[in-house]
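Novice: I'd like to ask some things about the structure below.
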Amino acid sequence: MSGQGNGASVPGTSAQAPQPPVVMLPDGRLQQPAKLGAVVSDALRRWYLETEKEALRGDVKAQALLGQMLIEGYGCEADPAKGREWAEKARRRGYRMDGRDGGRTMATATKHGSEFILQTTNQSLATRLWRYALGDTLFYPPGIGQAEQVGPYTGSTGPCLVRFRDSQLTTAQLNSWILSGCSSSAAIVRVYWLGGSPGTATSREDLLTQLAAAGAPPGPVRLQVFPRRHEAALVDALPAGWQLQPVGPEWVLNVLQLSGVEGEAGAAGQPAAAPPERQRQAAAAADPQQPAEQQQQQQPAFLWSLQRADDLYNYSPDRTKRIPDQLCKAAAKLEEALLAAGLAATQGVAIDLGAAPGGWTHVLARHAQHVIAVDPAAMDPRALASGRVTHLACKAEDAVERIQELAGDSGVGLLVADVNRHPVTLPDMLRPLLPLLHPGAPIIFTLKFYGFGFTREAQWRGELAAALGEDFERVQLVWLLANTRHELTCMAVKRAAPAAGGAAAAAAEEPETAAAAAQ
Ligand SMILES: C[S@@+](CC[C@H](N)C(=O)[O-])C[C@H]1O[C@@H](n2cnc3c(N)ncnc32)[C@H](O)[C@@H]1O
């Protein structure tokens, strides 16, 4: 039988007839011990094929492992010459075997995730992407990895980069996530894939030496350099044989200079000066969990990685920043907030306070059976066109009774508000409507900050949680990509109803346990 990868012939591969399950008898013996070897061979074979796939995609760690597997015939028919080629390829790209176990790393090798770096159109968007990773939302797909802002940065200046380590996403999964979000596709201009273990170079000369040693890939290459101002110089200095082709390449060479970058507008190659005291304070305020003093970590001067160009992310500068048939820019906020809340559909009625001209209402009409839009101002007729929207042309404070009547038995499944209110006064407007919400129903509202208000974020979060009361949980302030610089979005969820009978019933059944729990 022929294997798929290198034509190797291996007994017990997945292409053979399915193996019966491995059954252990009561005395500990295997029912069919002869078949266990085949099961193990199958697992090894699949590991080999997966490693080969990653190696062909350009993952240097997988290339080193593939070399070892071929040399030893691990999961494949031994082919030492081919194995040495792969091992040498990985070594030339800067990969070092760790030397334990005589340099054989297979026994200790585990499948680590990949790294990638997202570049945004401005530093504040990079901060927001990083903050999302710290919060408790469903904004990112599972397995995105651990996020870290690349510094030095302040609230508004910096390299505009967020680095994700140990990601389990494939390039295709990451691209489809970016492109599916209106805000993310407008904010993210480049994706630098670094694979499992990017090359590190201490200087430009070291980088060029490593690239020369690695050799040109077998196909045209697109160069993605950060900061971009170094791109032209690197094009001129690349070793012979590298065939550059920005459009339709087969490979992408990512090169990033991460230490001492001041952002695209900074001086070429000069280390960034320590930010002045005011900038330092602004950075600490924007990122309270990562003081500015700790941002300048020791990094190698250059990170580089050669990757296959399949699924290369392409930012289109003329891509519409609006969602299809969007009524106004504000709609992007609700689209993003619903994504972060993981809300695809609303049970019952949705209430939109401060609804005019109707961008949010228009979005909600796709998520709920009935939307009650409250605003004294006129609504855009397109927002009412679905026939599932009732416009109450009055202030929210005067609409409570009418909303109660309209919601009726179906209750309220979602409450959103986008009025120009400060966090101190907004809860007063929401409070009379909160009892109408179903248990588990989310509330989403925009907070407007002026002056230094934004820097007291932790204080506002506490005050909002107190104002919403015990009935609400998971109160968080999210800085949506679609928010302005003076807005945050508050999201919270109404607690699920206590189990039937509640604490009293529990106390009657198990008095000691309930009393202990209450203490
Ligand atoms: C930023 S706009 C809302 C934009 C809207 N979310 C959209 O997507 O089209 C703020 C709206 O809040 C309304 N507003 C202000 N105070 C209000 C109140 N007390 N009750 C209801 N609406 C109010 C204003 O009339 C204004 O139309």
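Novice: Can you give the accessible area of Val475 in Å² (nearest 10), computed on protein heavy atoms with a 1.4 Å probe?
Specialist: The value for Val475 is about 20 Å².
Novice: On each of the three principal axes of the Cα atoms of segment 331-494, give max minus min coordinate, whole Å, ordered largest first.
Specialist: Reported extents, whole Å, longest axis first: 42, 31, 30.
Novice: Suppose each label sits 7 Å from its Cα in the direction of the beta carbon; what would the Ala344-Lys82 distance come out to in nanometres?
Specialist: In this crude spin-label approximation the distance works out to 4.3 nm.
Novice: Once the other residues with Cβ under 10 Å from the Cβ of Arg163 are scored (Lys, Arg +1; Asp, Glu -1), what is the net sum? Let's see the in-between values first.
Specialist: Details: positive: Arg165; negative: Glu115, Glu148.
Residues close to Arg163 contribute a combined charge of -1.
Novice: Please report, in cubic angstrom per residue, the volume enclosed by the convex hull of the alpha-carbon atoms of segment 342-394.
Specialist: Values: hull volume 3.4 nm³, N = 53.
Per-residue hull volume (Cα only) is 64 Å³.
Novice: Work out the length of the dipole vector of segment 331-494 about its Cα centre, built from +1 on the beta-carbon of each Lys and Arg and -1 on the beta-carbon of each Asp and Glu, and round it to the nearest 20 debye. Could you put the intermediate results ahead of the total?
Specialist: Working: 14 positive and 18 negative charges, 72 e Å.
Approximately 340 debye in magnitude.
The values are calculated or read from the model by the stated rules, or taken from the named source; none is laboratory data. Here the structure is a predicted model, which is why all the values come from computation and not from measurement. Glycine also receives a Cβ, built like all others from the backbone with ideal geometry; neighbour counts cover every protein chain displayed. Side chains are part of the model used for accessible areas, which takes the heavy atoms of the whole protein and leaves out ligands, DNA and RNA. Shrake-Rupley method; radii C 1.70, N 1.55, O 1.52, S 1.80 Å.
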